[in-house]
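Participant: Input: one structure, supplied below.
The values are calculated or read from the model by the stated rules, or taken from the named source; none is laboratory data. Model, not experiment: these values are computed from the prediction. Because the Cβ atoms are built from the backbone with ideal geometry, glycine has one as well, and the counts that use them run over all protein chains shown. For the accessible areas, the whole protein counts, side chains as well, though only heavy atoms, and no ligand, DNA or RNA atoms are used. Shrake-Rupley method; radii C 1.70, N 1.55, O 1.52, S 1.80 Å.
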Amino acid sequence: MADPSSYRPAPGQIPDSPGVYRFRDEHRRVIYVGKAKSLRQRLASYFQDLAGLHPRTATMVTTAASVEWTVVSTEVEALQLEYSWIKEYDPRFNVKYRDDKSYPSLAVTMNEEYPRVQVMRGPKKKGVRYFGPYGHAWAIRETVDLMLRVFPVRTCSAGVFKRSAQIGRPCLLGYIGKCSAPCVGRVTPEEHRELAEDFCDFMAGRTGAYLSRLEQQMHEAAEEMEYEKAARLRDDIGALRRAMEKNAVVFTDATDADLIAVAEDELEAAVQIFHVRGGRVRGQRGWVTDKVEAVDTAGLVEHALQQLYGEESGEAVPKEVLVPALPEDAAALGEWLAGRRGSGVSLRIPQRGDKKALMETVHRNAQQSLALHKTKRASDLTTRSRALEEISEALGLDGAPLRIECFDISHLQGEDVVASMVVFEDGLARKSEYRRFQIKTFEGQDDVRSMHEVVSRRFRRYLQEKLKTGEWSPEDGEEGENLLAEDDGRPKRFAYPPQLVVVDGGQPQVAAAKRALDELGIDDVAVCGLAKRLEEVWLPGEDDPVVLPRTSEGLYLLQRVRDEAHRFAIRYQRNKRGKRLKAGPLDEVPGLGESRRQALVKHFGSVKKLRQATIDQICEVPGIGRKTAETVAAALARSVPAGPAVNTATGEIIEDETPPPRVGAPPGGSRGTSSERGTEQ
């Protein structure tokens, strides 16, 4: 624990201007990012008597070992820089919202020649228009199903679209009138794009004019006694009205606004957002966060606005943002939002009327979300705590193993030997800390030797971190590997030591891992192994295993950790083997990319003919210079061509004059053996 006075800047050193500051720990990792109108006043508040600080702030300043700052010209620049640094460094003491689910959105791919309507999750893509998010994917599909009657936009995948174009026959939706069938030329690309734009306009809330136009067309058709057309238009109007009814009307003035509400206690906070477009609730989402820093409701709102609009632009940022409390620098936030939208944005607290009533509804949703989260977490936390306690008691540890690392070795008959390391913190998987290794010091199948190498490499990297901070120094004659990235504040790959190392295996693997730790002088990390056959737990130097009850929560946790390491190792090993099997002689040519490889094969027709070509002939291929041609010729000369194919029925040797599969495909189109195609687990 550091004394804040040991790194306090000298008086007068901190400028009295807007800026962003970073606290770093003893390992140079950024642990907190903040902004201030006056850096001098804000930073001075951190270096007062610890008794006067909020407990979380006191923990942060005693964990930190240094502070640095960057001066900017305006508060808006400070806001932008703070958001960028929080996203880049992921500081442990900053509020970080986490989505309680992955929300689906209705997306229209306007960046394609024939726009497609579909359900999308994840990060937004350029050129795609999004509507939502929705609580459930089925809600999107019901809305789309109603609207396709009026706006028959393409909804099929690229494969189905291409197949229909090849056979000249549309899919089922084209036959029942829910697709305009651009795949077979029923409409031109321009007409189909116009349909997609009408669809987007309707979803964006511009419904009144379109419905009025349809009603007018219906009356005109009836007057001209085109009753079938009038009936079809009547049904279209009914379908659109039913689609509109799925979104409740909350404002009669076609308001575009986002309403943000916060429910909180001393430890956690829940945020709920209602997206209102055209006076109707078009989407809803929610976040939950641990209050790891001293922050009030206004601060939570500020963080929510940064997360919500940090990657958005244009109409995705509404004209109005209604919040329960205005942040301290509300003017700067409003200017930042206006910059992202491209026009003015009103950031305010609703005081009366429909907007205040809807804000109360959003707040009730936030309260319910926080209560539900606490109920789930309490149950889960109790189970995980019991599992860690059982492991601690069974293995004789000094305390609960809050960080567990598990190692597993994977190979196929001694080839493509790899290893995995998975991390569980507080009984939960921390996938950002997962690591994978290639065995480098030897070839062949030797799980014990592989385990020793991997554990040695992992903890050698950890000692390098301690060496940088002066906590550890190597023995005389021992040289550390310079394997770490520069001190840029980002969390290092092997910075944190575990309390427990679990290996997938029995006595030999456990002994190898323990020997690796002993050789590095590490004596404060426990080691155990979990054998698959009888699910026995092995400890170093013990002749008999520790047998945990089959109903033990501790055993369940160890099994989850072991199975996750096994899954991660198998996935990496299969990917590595797949790349090796797909590799051809041209893949080994340094500096030769995919485009030029394809150009070579296309020009000569096959790798066999390319191998027979002269350097001058290779130079005739566009983009291939003489030096590259010489390198290609040398690589093909070194590679041994496969033997001729044989017809097994007649014994006849088949000359391969046909072009080979595309560059990078497995020779002969082989899909591998049944064992290679096994389900990943």
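Participant: Over 5 Å intervals from 0, what percent of Cα-Cα pairs in region 388-434 sits in each interval?
Facilitator: Computed distribution, short to long bins: 5, 19, 20, 17, 16, 11, 7, 5, 0.
Participant: Note down the magnitude of the dipole of region 322-393 about its Cα centre, charges +1 on Lys and Arg C-beta and -1 on Asp and Glu C-beta and zero elsewhere, to the nearest 20 debye.
Facilitator: 420
Participant: Whose amide H sits under 5 Å from the amide H of Thr255, counting only residues 5 or more places off or on another chain, with H placed in the peptide plane?
Facilitator: Gly279
Participant: Sticking with this one: To the nearest 0.05, how large is the calculated FRET efficiency for Asp398 and Leu172 if R₀ is 60 Å and r is the Cβ-Cβ distance?
Facilitator: My answer for the efficiency is 0.35.
Participant: How do 167-174, 289-296, 400-407 rank on mean C-beta neighbours within 10 Å, highest first?
Facilitator: 400-407, 289-296, 167-174
Participant: While we're looking at this one, here's another question. How large is the direction-averaged shadow of the alpha-carbon convex hull of region 316-395, in nm²?
Facilitator: Its Cα hull, projected and averaged over all orientations, spans 8.8 nm².
Participant: What net charge do the residues around Arg348 carry, taking every other residue with its C-beta under 14 Å from that of Arg348, with Lys and Arg at +1 and Asp and Glu at -1?
Facilitator: On the way: positive: Lys319, Arg352, Lys355, Lys356; negative: Asp258, Glu320.
Counting the neighbours of Arg348, the net charge comes to +2.
Participant: Does region 1-93 classify as rounded, prolate or oblate by the C-alpha gyration tensor (a ≥ b ≥ c root eigenvalues; a/c under 1.5 gives rounded; else a/b over b/c gives prolate, otherwise oblate)?
Facilitator: Judged from the Cα gyration tensor, region 1-93 comes out oblate (a/c at least 1.5, b/c at or above a/b).
Participant: Once ligands and nucleic acids are excluded and a 1.4 Å probe is used, how much of Glu620 is accessible, expressed in Å² to the nearest 10?
Facilitator: Only protein atoms counted, so the area is about 120 Å².
Participant: Could you work out the per residue convex hull volume over the alpha carbons of region 247-350, in cubic angstrom? Before the final figure, lay out each step's value.
Facilitator: On the way: hull volume 10.1 nm³, N = 104.
Enclosed volume per residue, from the Cα hull, is 98 Å³.
Participant: Turning to a different aspect of this structure: Arg550 to Lys125: FRET efficiency via 1/(1 + (r/R0)^6), r the Cβ-Cβ distance, R0 41 Å, to the nearest 0.05? If you can, show how the numbers build up before the last one.
Facilitator: Numbers: r = 48 Å, r/R0 = 1.17.
Using R0 = 41 Å, I get an efficiency of 0.30.
Participant: Give the distance, in whole Å, between the Cα centre of region 188-205 and the Cα centre of region 330-371.
Facilitator: 30
Participant: On to the next question. Projected onto the charge dipole of region 336-426 (+1 at Lys/Arg Cβ, -1 at Asp/Glu Cβ, origin at the Cα centre), which of Phe407, Gln367, Leu395 gives the Cα projection farthest towards the positive end?
Facilitator: Working it through, the farthest residue towards the positive pole turns out to be Gln367.
Participant: Enumerate the amide H contacts of Ser17 below 5 Å, restricted to partners 5 or more residues apart or on another chain; note that Pro and chain-start residues carry no placed amide H.
Facilitator: Here Leu39, Arg40 satisfy the definition.
Participant: Can you compute the modelled spin-label distance between Glu68 and Lys609, with each label point 7 Å from Cα toward Cβ, in nm?
Facilitator: According to this spin-label approximation, the distance is 5.9 nm.
Participant: Considering only C-alpha atoms, what is the centroid distance from region 433-453 to region 280-312, in Å?
Facilitator: Here the answer is 44 Å between Cα centres.
Participant: Moving on to the next point. Between Ala599 and Glu112, take the C-beta separation as r, use R0 = 30 Å, and let me know the FRET efficiency to the nearest 0.05.
Facilitator: 0.65
Participant: Choose one of Val33, Leu81, Tyr114: the residue whose Cα lies farthest towards the positive end of the charge dipole of region 1-117 (beta-carbon charges +1 Lys, Arg; -1 Asp, Glu; about the Cα centre).
Facilitator: Going by the charge dipole, the pick is Val33.
Participant: With +1 on the Cβ of every Lys and Arg and -1 on the Cβ of every Asp and Glu, and nothing else charged, how large is the dipole of region 275-431 about its Cα centre, in debye rounded to the nearest 20?
Facilitator: On the way: 21 positive and 24 negative charges, 269 e Å.
Around 1300 debye, computed over region 275-431.
Participant: Quick one: 3J(HN,Hα) in Hz for region 267-283, Karplus 6.51/-1.76/1.60 with θ = phi - 60°, rounded, Gly and Pro as x.
Facilitator: 10, 9, 8, 10, 10, 10, 10, 9, 9, 10, 10, x, x, 10, 6, 9, x
Participant: Give me the distance in nm between label points sitting 7 Å out from Cα along the Cα-to-Cβ direction at Gln559 and Lys96, one decimal.
Facilitator: 3.1
Participant: Going 7 Å from the Cα of Glu389 toward and past its Cβ, which residues in region 401-431 have a backbone nitrogen under 17 Å from where you end up?
Facilitator: Backbone N within reach: 401-402, 426-427.
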